[in-house]
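Student: Handing you a structure now.
The values are calculated or read from the model by the stated rules, or taken from the named source; none is laboratory data. Quantities reported herein were computed from a predicted structural model and do not represent experimental measurements. Cβ: placed from backbone, ideal geometry, glycine included. Neighbour counts: every protein chain shown. Ligands, DNA and RNA are stripped out before the accessible areas are found, and what is left, the full protein with its side chains, is counted by its heavy atoms. Shrake-Rupley method; radii C 1.70, N 1.55, O 1.52, S 1.80 Å.
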Amino acid sequence: EAQVTQNPRYLITVTGKKLTVTCSQNMNHEYMSWYRQDPGLGLRQIYYSMNVEVTDKGDVPEGYKVSRKEKRNFPLILESPSPNQTSLYFCASSLRGLDTEAFFGQGTRLTVV
Amino acid sequence: SQQGEEDPQALSIQEGENATMNCSYKTSINNLQWYRQNSGRGLVHLILIRSNEREKHSGRLRVTLDTSKKSSSLLITASRAADTASYFCATDSRSGGYQKVTFGTGTKLQVIP
């Protein structure tokens, strides 16, 4: 089954404790991206990757890191999480970037206390 | 307002009625996409319309695009209770080598049985 898998689905952590949210897709898609969703603000793009070893900032990259060492995986790293990073996070992938539909993971609800 | 701003923010209709949602954007686009999100879950792609297209249909969905007004509309005909969800438009922006995606804040649709 074609899918984008994120883990964990729920996470509560403390300020400053490094964490990684994993994202994996099995569709051989080139384009992958991370979004955060906050009430009243919609989805905002954090980082995206157009292919292996090619990543770039979205609209809200501060406090986040990503890597794309293999085509299927695109982890999101919070080196020192802060409470303002409490949010619902989505990973998405698409075949050829913005000209094709995106498939979304089920989301990761992160709470930083 | 943001790139990809939906209107109205919320809409409540009776089952069987039509629902119309609008999206406005600010910069030139190559394509515009509509997505649906059931409460707290991942987004599901509905339809993609390219900048050289004016109208597109998919089942009970009809999307129009007016690039001169920088706006798009999504019409759901003969609505069903299962259409209850939030609907988002997404636009691409490309400059130099990057390809960012911008989502709007969404329209929350409630279809009353």
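Student: I'd like to check something: does region B:87-109 contain any residue that is at pLDDT 95 or above, surrounded by fewer than 12 Cβ atoms within 10 Å (Cβ to Cβ) and closer than 17 Å to B:Val44 by Cα?
Tutor: Checked against the condition, which is being at pLDDT 95 or above, surrounded by fewer than 12 Cβ atoms within 10 Å (Cβ to Cβ) and closer than 17 Å to B:Val44 by Cα, region B:87-109 yields no hits at all.
Student: Further, regarding this structure: Of the conditions (1) touching a helix residue (DSSP H, G or I) at 6+ places or on another chain (Cβ under 7 Å); (2) within 20 Å of B:Tyr35 (Cα to Cα), A:Leu78 fails just one. Which one is it?
Tutor: The one condition A:Leu78 does not meet is (2).
Student: For A:Gly58, only one of the following conditions fails: (1) among the small types (Gly, Ala, Ser); (2) within 20 Å of A:Pro8 (Cα to Cα); (3) in contact with a Phe, Trp or Tyr (Cβ under 8 Å, 6 or more places away or on another chain). What is its number?
Tutor: (2)
Student: Among the residues of region A:48-74 satisfying the criterion of being in a strand (DSSP E or B) and open to solvent by 30 Å² or more (accessible area, probe 1.4 Å), which is nearest to B:Glu5 (Cα to Cα)?
Tutor: Restricting to residues being in a strand (DSSP E or B) and open to solvent by 30 Å² or more (accessible area, probe 1.4 Å), the top hit is A:Lys57.
Student: Right, next: Pick from region B:16-62 the residues that are more than 14 Å from every other protein chain (Cβ to nearest Cβ) and outside any strand (DSSP E or B): which of them is surrounded by the most Cβ atoms within 10 Å (Cβ to Cβ)?
Tutor: If we take residues in region B:16-62 being more than 14 Å from every other protein chain (Cβ to nearest Cβ) and outside any strand (DSSP E or B), then B:Arg60 is surrounded by the most Cβ atoms within 10 Å (Cβ to Cβ).
Student: Let me ask something additional. Considering only residues that are out of contact with any Leu (no Cβ under 9 Å at 6 or more places or on another chain), open to solvent by less than 20 Å² (accessible area, probe 1.4 Å) and closer than 17 Å to A:Leu76 by Cβ, which ones fall in region A:18-43?
Tutor: Hits for region A:18-43 are A:Gln25, A:Met32, A:Ser33.
Student: Related question: So, of the residues in region A:82-113 that are within 8 Å of chain B (Cβ to nearest Cβ) and part of a helix (DSSP H, G or I), which turns out to be farthest from the chain's Cα centre (by Cα)?
Tutor: Only one residue tops the list, namely A:Asp99.
Student: Same structure, new question: Determine which single condition A:Met32 fails, assuming it passes every other condition in (1) farther than 24 Å from B:Asp92 by Cβ; (2) more than 10 Å from chain B (Cβ to nearest Cβ); (3) in contact (Cβ under 8 Å) with a residue 40 or more places away in the chain.
Tutor: (1)
Student: Only one of these is among the hydrophobic types (A, V, I, L, M, F, W, C) and either within 24 Å of A:Ala2 (Cβ to Cβ) or facing chain A (nearest Cβ under 9 Å) (or both): B:Val101, B:Val111. Name it.
Tutor: It is B:Val101.
Student: Enumerate the pairs (first residue in region A:63-85 and without any contact (Cβ under 8 Å) to a residue 40 or more places away in the chain and among the acidic types (Asp, Glu); second residue anywhere and open to solvent by 30 Å² or more (accessible area, probe 1.4 Å) and outside any helix (DSSP H, G or I)) with beta-carbon separation below 7 Å, excluding pairs fewer than 6 apart on the same chain, so at least 6 apart or on different chains.
Tutor: Here the result reads A:Glu70/A:Val52, each pair linking region A:63-85 to a residue that is open to solvent by 30 Å² or more (accessible area, probe 1.4 Å) and outside any helix (DSSP H, G or I).
Student: Continuing with this model, one more query. Open to solvent by 10 Å² or more (accessible area, probe 1.4 Å) and in a loop (DSSP other than H, G, I, E, B), is that true of A:Thr15?
Tutor: yes
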